[in-house]
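What follows draws every value from the coordinates through simple rules; no lab data is involved. This is a predicted model, so every value here is computed, not measured. Every residue, glycine among them, receives a Cβ derived from its backbone with ideal geometry; neighbour counts consider all protein chains shown.
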Amino acid sequence: MNNIAIITDKDEKITYDDLKMYIEIFSSKMIFKSTILIIASNTIGCMVGYVSCLKSGNVPLMISRDMNFESIKVYIEKYKFNFLWVPDMWIKENVAEYKIIYREFGYCLIENNIEQPELHKDLALLLTTSGTTGSNKLVRISRDNIEANTNDIINYLNIDDTDRAITLLPMNYTYGLSVINTHLKSRGTILLTELRPFQSQFWDFFNKYGGTSIAAVPYTYEMLLKLGFKEWKLDTLRTMTVAGGKIGITEEQYFIEYAKTNRKKFIIMYGQTEATARISYRPWNMAEEKSGSIGIPIPNGRMWLEDTNGNVVSKPYTQGEIIYQGKNVTMGYAYELSDLSKGDERKGILNTGDLGYIDEDNYFYIIGRGDRTVKINGHRIDLKDMEKKIEADYPEYKVVCEIEKCLDTGLHKRIKIILENRDKSIHCVQTSENTKKIIDMISWKMNVSSQMIYIEIQQ
């Protein structure tokens, strides 16, 4: 049986026995059922912190390392985390006044709040919703949710101890965590790196240690196509998965053809943080026949459609909201500290908010959202919420936010913010200074990269 849990791009090897020892040391530093905020990175430090929490019964919130300090402080103050597990460099820049009680793997464990919160006995993990919608809302995930989804993914992807998955996704993202969970549960190996797939060193590392799978969002596959992925020599690659938004038709056909020609598996998946990770998948051998489909429910899950009155829609090619039922449906949301004591509010049923239809073989297809929430590169953005935030700070404008393709900048999509001057008698000069202020404000409040935002001011 494979005993190598982690290999890093620095050629470090961590066995399962090593990992067990590190977990015991880390867990001994905390009181049972503590809460801990973890700044996520694809490093040994983050991995040990995350796995230790799950094994020891402590509850982590995984936060993006790209989130600015002011936004992170809001989470710390609102949820009063007992501990912070953060990179050394991050602490030097932001929280030097805190008490460090443990330091290892380039991370520091900080004691922040000694008062134990009231936590529900089933609560195991906290995540933001697919990146962010600009609120401090968290998804409450139970141990049973993680266990159920992990087992189902292992089942339909046939993951075993010979699999070696490389880290293409951040650990604060439910899709990225599912890769970690499934491969550790199967005693496979994680090829741990912060290199990007657009760097040759990333693929050198993948080939050196016999990587078998890649998991990525549609934007990554778009870039890989442009880089000539078909020409690369990746003999050990067996499986490619995609989730986190709809893949373009061109990219889908390109990778279906690549997989067919090279005897690989290309699997489209669909999921939400509120379902722990996965909801459906399209079997690799149905890729051509069911192009454009998100597939069928994962094992032990159930999907159906409902109309606006809550009636089941069973007629093929008739629109309805996608509803999912399964043990991986999370407990509910947390908006404040007291919510962490709540139990399961969803009772295993999730209204996804996505509109779709089924074909005659009960394969599901998504056609849009019932609200104005969109996904860009795996990040969930609430356009209505964004409009409200801008208008609150800039009442002189009527605001409309929309999504547009912007391939000239290298981005698959970006957010276009249209600002219309409410008082037509006043001429508003568009300057780089005032647009930068608005972009910076949205970037901070919504936790959105400034590169994803474009502003147009109309008189």
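On the beta carbon distance between LYS398 and ILE249, with R0 = 35 Å, the FRET formula returns roughly 0.50.
Model label points for LYS315 and LYS384, set 7 angstrom from Cα along the Cα-to-Cβ axis, are 2.8 nm apart.
Among the listed pairs LYS137/LYS315; LYS80/LYS121; LYS226/LYS265; LYS342/LYS384; LYS80/LYS185; LYS185/LYS208, those with a Cα-Cα distance over 25 Å are LYS137/LYS315; LYS342/LYS384; LYS80/LYS185.
May I ask you to order 254-267, 169-182 by the average number of other C-beta atoms within 10 Å around their residues, highest value first?
Numbers: 254-267: 16.5, 169-182: 24.0.
Order by mean packing, descending: 169-182, 254-267.
Only beta bridges with both residues in the stretch 218-368 are counted; by DSSP, about 85 percent of them are antiparallel.
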